[in-house]
Amino acid sequence: MTQRHHLRILACTGLLVCAVNASAEESAETLYKNHCLGCHGSEVYTRTNHKITSFEGLKSQVQRCELGLGLQWFDEDVDQIASYLNQHFYHFAN
């Protein structure tokens, strides 16, 4: 293989990683809009007396909601939604 061929493979790999990350963000947003907003609006995330105080607590709450609604999400879905909520509302270090 030539160096040029290696560079092409590397460039394609980088594009795939970007596409997967964009897809994960869209997937989390879709799950959020289709399931989370059905029970409550965004006011639960923006109130001053947050019951969630850490990223791990946020993940646990997302999982409780998912289990309570019988959604049968994958662990990756729970992680993506927790990350989405954290990025858009909570801003915990994780």
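The values are calculated or read from the model by the stated rules, or taken from the named source; none is laboratory data. Since we're looking at a predicted model, the values are computed, not measured. So basically every Cβ, Gly included, is an ideal-geometry build from the backbone, and we count neighbours across all protein chains shown.
Considering only residues in the range 28-52 that are touching a helix residue (DSSP H, G or I) at 6+ places or on another chain (Cβ under 9 Å) and not in a helix (DSSP H, G or I), the one that is nearest to residue 83 (Cα to Cα) turns out to be 52.
Look at (1) farther than 14 Å from residue 31 by Cα; (2) at pLDDT 95 or above and you find that residue 82 fails only one, number (1). So, in the range 53-87, how many residues would count as being farther than 15 Å from residue 35 by Cβ, part of a helix (DSSP H, G or I) and in contact with a Phe, Trp or Tyr (Cβ under 8 Å, 6 or more places away or on another chain)? Final tally of qualifying residues: 3. When the range 40-52 is filtered for residues that are loosely packed, with under 13 Cβ neighbours inside 10 Å and either free of Cβ contacts under 8 Å to residues at least 24 places away in the same chain or in contact with an Asp or Glu (Cβ under 6 Å, 6 or more places away or on another chain) (or both), the ones remaining, listed by number, are 40, 41, 43, 47, 48, 49, 51.
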